[in-house]
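Student: This is the structure I have questions about; it appears just below.
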Amino acid sequence: MTQLPNIITILRIAGSLGMFLCDVTGVAFWIIYGLCGLSDIADGWLARKLKCVTKRGALLDSVADICFVACCAWKLLPILELPQWLWLWAGVIAAIKVVNQFSTLVMYGHCCFPHTLANKVTGFLLFITVPMTFWSITPISIVAAVATFAAIHEDHYLRMNKIMQ
């Protein structure tokens, strides 16, 4: 029973990869998208409920998040009509996150993907607003603002927490 959260996380990785096989305009893609998003909420909740939160599980969750975002980006970005300023903003957020990881690697000898409240809120908002982006860029612009805060907060979190030492 203690492995159930990790099994759900592994299924999210498989589901994310399965989205590659689906047409973005088809129902299957969006069903898998929804299931992956719900599994992201479920695995962490179950891990806390079953008292089986582990560093390995947190790392696996981060890998699953990266797979999900990468698969969604690969499938959705070519068909979304986003303005250049939003692309640049996303690039700045990504650059901040890469610098966070690189500096953590240099300072502590390993990377860390903290599950801060700001990162969790960003992930949830991103999940619910991506489908809305077909009609309006306003929701995704709000997410970009939250994601910017989360990326900056992540740097502070990594530098201030003793868990890295």
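Student: With at negative phi, among the hydrophobic types (A, V, I, L, M, F, W, C), loosely packed, with under 15 Cβ neighbours inside 10 Å and in contact (Cβ under 8 Å) with a residue 24 or more places away in the chain as the only criterion, which of 66, 41, 96 stands out?
Tutor: 41
Listed here are the residues, each with its yes/no results for (1) among the hydroxyl-bearing types (Ser, Thr, Tyr); (2) farther than 20 Å from residue 17 by Cα; (3) touching a helix residue (DSSP H, G or I) at 6+ places or on another chain (Cβ under 6 Å).
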{"site": "51", "(1), (2), (3)": "no, yes, no"}
{"site": "62", "(1), (2), (3)": "yes, no, no"}
{"site": "65", "(1), (2), (3)": "no, no, no"}
{"site": "68", "(1), (2), (3)": "no, no, yes"}
{"site": "85", "(1), (2), (3)": "no, yes, no"}
{"site": "90", "(1), (2), (3)": "no, yes, no"}
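Student: Which condition number does residue 136 fail, the rest of (1) of a type outside the set (Val, Ile, Thr); (2) open to solvent by 70 Å² or more (accessible area, probe 1.4 Å); (3) at pLDDT 85 or above; (4) part of a loop (DSSP other than H, G, I, E, B) being met?
Tutor: Exception for residue 136: condition (2).
Student: Further, regarding this structure: Going by the conditions given, is residue 88 part of a helix (DSSP H, G or I), open to solvent by 80 Å² or more (accessible area, probe 1.4 Å) and of a type in the set (A, V, I, L, M)?
Tutor: Taking the combined requirement at face value, the residue satisfies it.
Student: While we're on this one: So, residue 121, is that one within 17 Å of residue 66 (Cα to Cα) and open to solvent by 40 Å² or more (accessible area, probe 1.4 Å) or not?
Tutor: yes
Student: Residues in the range 97-111: is at least one within 17 Å of the chain's Cα centre (by Cα), of a type in the set (Gly, Ala, Ser) and assigned to a helix (DSSP H, G or I)?
Tutor: no
The values are calculated or read from the model by the stated rules, or taken from the named source; none is laboratory data. In this text the structure is predicted, and so the values were computed from the model without any measurement. Neighbour counts are summed over all protein chains in view; Cβ atoms, including those assigned to glycine, are modelled from backbone coordinates with ideal geometry. Please note that ligands, DNA and RNA were not included when accessible areas were found on the heavy atoms of the full protein model with its side chains. Shrake-Rupley method; radii C 1.70, N 1.55, O 1.52, S 1.80 Å.
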